[in-house]
1. Efficiency by 1/(1 + (r/R0)^6): what FRET value for Ala102 and Ser169, r their Cβ-Cβ distance, R0 = 22 Å, to the nearest 0.05?
2. Dividing the convex hull volume of the alpha carbon atoms of region 255-316 by its residue count, what do you get in Å³ per residue?
3. For the chain, what is the mean residue ellipticity at 222 nm derived from helices alone (per DSSP H run of n ≥ 4: -39500 (n - 2.57); sum divided by total residues; nearest 500 deg cm²/dmol)?
4. If you filter region 234-319 for trypsin sites (Lys or Arg not before Pro), then keep DSSP loop positions with at most 10 other Cβ within 10 Å, what is left?
5. In 5 Å bins starting at 0, how do the alpha-carbon pair distances of region 14-99 split up by percent?
6. Output the direction-averaged projected area (hull surface divided by four) of the convex hull of the alpha-carbon atoms of region 39-170, in nm².
7. Can you pull the semi-axes for the chain, root of five times each eigenvalue of the Cα gyration tensor, sorted largest first, whole Å?
8. Checking the cross-link filter: which aspartates and glutamates have an alpha carbon closer than 20 Å to that of Lys220, excluding same-chain neighbours under 8 positions apart?
Amino acid sequence: MYTRIIGTGSYLPKQIVSNDELAKRVDTSDEWIFTRTGIRSRHIASGEETSSYMGHQASLKALAAAELQASDLDMIIVATTTPDKGLPNTACLLQERLGISAIPAFDITVACAGFIYALSVADQFIRTGSAKTILVVGAEVLTAVTDWSDRSTCVLFGDGAGAVIVQGSEKPGILSTHLHADGRQKDNLYIPSPLPGQARADEPSYIRMQGREVFRFAVKALGDVVEEALKANHLPQSAIDWLIPHQANLRIITATAEKLQLSMDKVVVTVDRHANTSAASVPLALDEAVRDGRIQRGQTLLLEAIGGGFVWGSALIVY
Ligand code: ACO
């Protein structure tokens, strides 16, 4: 039994903010941001465009692509670090928006690697026969935890949501997933406590990051995890039709492509227009390339991501 992706969808907030517009708020420039990161603009959510709202919009598109109704779902998994509420979880709020009940619905908080982790969890449920059809969503409002006075972080992030419907099938789908974490890296990328009773006045709940450390670790970990995926499946680098990387920084993406000896026209890149949307970045990129016809049925896709923890992983998939 394989887990196959049978529908994809995504949603981006209406407001688009360019680097030049950001440069009016903080001491930065389009040239600095683009050269260091490959980012030109990002979408920024309004108050109504919460993770559950955007996840819902993306899910409706994925359901339509899969030619299914919400009532066909057995489970909802949402990867998010920016939930609408402390509780209920965002998957429950999404379930309510979809007008269904009773099926399990839960969140996974694994930062930018959240979608890869969520897909892996869905794959386990499907391969063991415990579920047949699962909605997997990555949805984030990272700009709500961004310190807009800190130029070293505020230029990097954006908002959005991506969704996939996965279903059990005898035809190949997910070949393997590979998950890792290293909690010793906790101080390199974090958001201080969001709990009112534990929040410190001198450390508001905004993203804090040691950029150079994140960069160094990401290049190594992602290079290793894509190699691990190929090795586990006894496949050569040439077997990969598309790399769908986490969209944090074009230089990190290029380094992984080089490791795979893959030309950049085989890499789906959205970071220039989306910036880093954390758990939403991989499903957003996947949906874009499926809808514009670049990704075709039967092709082999390698998805990868890394985020604060550090946490990282990959998924090798026959689409
Ligand atoms: N505009 C202009 N100057 C800036 C800006 C900015 N937005 N931000 C920092 N600078 C300045 C710094 O103050 C510093 O100035 P100084 O030399 O006078 O002190 C100079 O630019 C260089 O700063 P560095 O932080 O050393 O710049 P670096 O070349 O390392 O690039 C960057 C920073 C882009 C953040 C890089 O380290 C990076 O991409 N790291 C990965 C981080 C990442 O992707 N995080 C996303 C979350 S994690 C994930 O999703 C993987």
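1. On the way: r = 24 Å, r/R0 = 1.10.
The formula returns an efficiency of 0.35 here.
2. Working: hull volume 6.3 nm³, N = 62.
Convex hull of Cα atoms, per residue: 101 Å³.
3. Helix contribution divided over all residues of the chain: -9500 deg cm²/dmol.
4. Values: sites: Arg251, Lys259, Lys266, Arg273, Arg291, Arg294, Arg297; in loops: Arg294, Arg297.
Hits after loop and neighbour filter: Arg297.
5. Taking all Cα pairs of region 14-99, the binned fractions are 3, 12, 18, 16, 12, 13, 10, 9, 5, 2, 0 percent.
6. Values: hull surface 35.3 nm².
Result: a mean projected hull area of 8.8 nm².
7. Numbers: eigenvalues 158, 113, 65 Å².
Here the semi-axes work out to 28, 24, 18 Å.
8. Leaving aside aspartates and glutamates fewer than 8 places away in the same chain, those within reach of Lys220 are Asp182, Asp187, Glu228, Glu258, Glu304.
Each reported figure results from applying straightforward, stated rules to the coordinates on display, with no laboratory input. Computed from a predicted structure; not experimentally measured. Here the Cβ is made from the backbone with ideal geometry for all residues, glycine too, and neighbour counts use every protein chain on show.
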